1. Looking at 255, 272, which one is in contact with a His (Cβ under 8 Å, 6 or more places away or on another chain), in the same structural domain as residue 196 (by TED's automatic domain parsing) and crowded, with 16+ Cβ neighbours inside 10 Å?
2. Can you confirm whether region 295-312 contains a residue that is closer than 29 Å to residue 335 by Cα and more than 28 Å from the chain's Cα centre (by Cα)?
3. Please go through region 122-131 and give me each residue that is surrounded by fewer than 24 Cβ atoms within 10 Å (Cβ to Cβ) and either within 18 Å of residue 58 (Cα to Cα) or in contact with a Lys or Arg (Cβ under 9 Å, 6 or more places away or on another chain) (or both), ordered by number.
4. Yes or no: region 194-210 includes at least one residue that is free of Cβ contacts under 8 Å to residues at least 40 places away in the same chain and in the same structural domain as residue 351 (by TED's automatic domain parsing).
5. Just to confirm my filter: which helices (runs of 4 or more DSSP H) fall fully inside region 1-51 and include at least 2 residues that are modelled with pLDDT under 95, buried (at least 17 other Cβ atoms within 10 Å of the Cβ) and in contact with a Phe, Trp or Tyr (Cβ under 6 Å, 6 or more places away or on another chain)?
6. Sort out which residues of region 244-272 are within 15 Å of residue 191 (Cα to Cα) and not in a loop (DSSP other than H, G, I, E, B), and write them in order of number.
7. Only one of these is assigned to a helix (DSSP H, G or I), out of contact with any Leu (no Cβ under 9 Å at 6 or more places or on another chain), in the same structural domain as residue 392 (by TED's automatic domain parsing) and surrounded by fewer than 24 Cβ atoms within 10 Å (Cβ to Cβ): 88, 93, 119. Name it.
8. Which one of these does residue 309 not meet: (1) in contact with a strand residue (DSSP E or B) (Cβ under 7 Å, 6 or more places away or on another chain); (2) under 15 Å from residue 163 (Cα atoms); (3) assigned to a helix (DSSP H, G or I)?
Amino acid sequence: MNLIQSIVAQAAAMTELRRDIHAHPELCFEETRTAELVAARLTEWGIPIHRGLGTTGVLGIVHGQDGGNNGNAIGLRADMDALPMTEHNTFAHASRHPGKMHACGHDGHVAMLLAAARHLASHRNFQGTAYLIFQPAEEGGGGAREMIRDGLFERFPMQAVFGMHNWPGLEQGQFAVGAGPVMASSNDFRIVITGKGGHAAMPDTGIDPVPIACQVVQGFQTILTRNKKPAEAGVISVTIIHAGEANNVIADTCEIQGTVRTFTVETLDLIERRMKEIAVGVSAAFGATCDFRFNRNYPPTINTAHEAEFCRQVMASIVGANNTMPQEPTMGAEDFAYMLQAKPGAYCFIGNGDGAHRAGYAGGGHGHNAGPCTLHNPRYDFNDHLIPLGATYWVRLVEAWLGGGLASNVER
């Protein structure tokens, strides 16, 4: 493994910083303490900053040996926000704020990019400009979209933008990247079927919305098996069905909620159209009415082929080709998708391991910090051993792209 030794030498300090962020989690658009920490470190290292994009975003500007005069630029993005959930870990750096937790590793993403920033600023072994994007509100707030709306790419022009997420289950020391869709679109729906309430002993006097809702939910599955092309991915998950307040009363309404995930807009269009047709049509067939609401949240995250191959070659130069894995697409969603809609780029995974890095970890369910170390789990913790590796990747990415090395050799 070809790590940058000056980054390795700073690993303890960066681990301390990461754990400080973990202990003080902040939710979307509330990352004031984290943003202050990031801004202070960048300023300490002589990196000019710009603040306020996306409310709490911080952007660092590192010019190469030419002072950025050649106009070439690359963007590196790390997300900063935590999740609204209670941490179950008991180690010293566990969350000090009940109901808030860094359960997705954004604390580690910040630490890796800061470690890279320090090295880039002290060495500047490239030509052009590296923009370091510390983004708020990935967890549902669309912080990437808000930074773009505030002029991220107009004020700071860049040829490509790159993101990275830690990935539990992928071995420590491995990366994964691929071209095309790598994360799904995220969408939600709310359907209210209105019938006619009455006495449960006299169902003939009313219109019961519950069996109608059951037929609607069953009908949704035929969209996936009979309307969507089998080779295309799609998920419809009904996660909430609510009706009634008493066991002897037929309710007036039944509410259905859930999520839809796809890798393409075309498949999403099909699913939304057919869901509405089924919900409205089935309701009407039984004499009920239907209020159908469908919200499109994050679009699919789609890596451009040239940039994904470029990343793969950079990774292979660090960990070897045998540890640079194909990226298996996931139905999870990521608002870096907005940046990839605006610019070429790639979103990769860095292996977080199986959870054995946690203090007190005992594998199968013994010890204070035992249990799963998956994303969005109350026992999760970022693997600090990744900080030098992730930072090395960011630095080599910048040097290769802005140094005219790998970027110019990868076939477009």
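1. Working: 272 fails: in contact with a His (Cβ under 8 Å, 6 or more places away or on another chain).
Just a single option satisfies the conditions, and that option is 255.
2. At the first step, the residues of region 295-312 found to be closer than 29 Å to residue 335 by Cα are 295-312.
Add one more test, that the residue is more than 28 Å from the chain's Cα centre (by Cα), and what stays is none.
No, region 295-312 contains no residue that is closer than 29 Å to residue 335 by Cα and more than 28 Å from the chain's Cα centre (by Cα).
3. Here is the first cut: in region 122-131, the ones surrounded by fewer than 24 Cβ atoms within 10 Å (Cβ to Cβ) are 122-125, 127, 131.
Hit for region 122-131 is 131, nothing else.
4. First pass over region 194-210, keeping only residues free of Cβ contacts under 8 Å to residues at least 40 places away in the same chain: 202, 204-205.
Checking which are in the same structural domain as residue 351 (by TED's automatic domain parsing) leaves us with none.
No: zero hits.
5. Values: elements: 5-9, 11-23, 32-44.
Where helices (runs of 4 or more DSSP H) fall fully within region 1-51, none carries at least 2 residues being modelled with pLDDT under 95, buried (at least 17 other Cβ atoms within 10 Å of the Cβ) and in contact with a Phe, Trp or Tyr (Cβ under 6 Å, 6 or more places away or on another chain).
6. If the condition is that a residue be within 15 Å of residue 191 (Cα to Cα) and not in a loop (DSSP other than H, G, I, E, B), then 253, 254, 255, 256, 257, 258, 259, 260, 271, 272 are the ones that fit.
7. Numbers: 88 fails: assigned to a helix (DSSP H, G or I); 93 fails: assigned to a helix (DSSP H, G or I).
Residue meeting the stated conditions: 119.
8. Every listed condition holds for residue 309 apart from (1).
The values are calculated or read from the model by the stated rules, or taken from the named source; none is laboratory data. Quick caveat: nothing in here was measured; it's all calculated off a predicted structure. Counting neighbours? That spans all protein chains shown, and the Cβs are built from the backbone with ideal geometry, glycine included.
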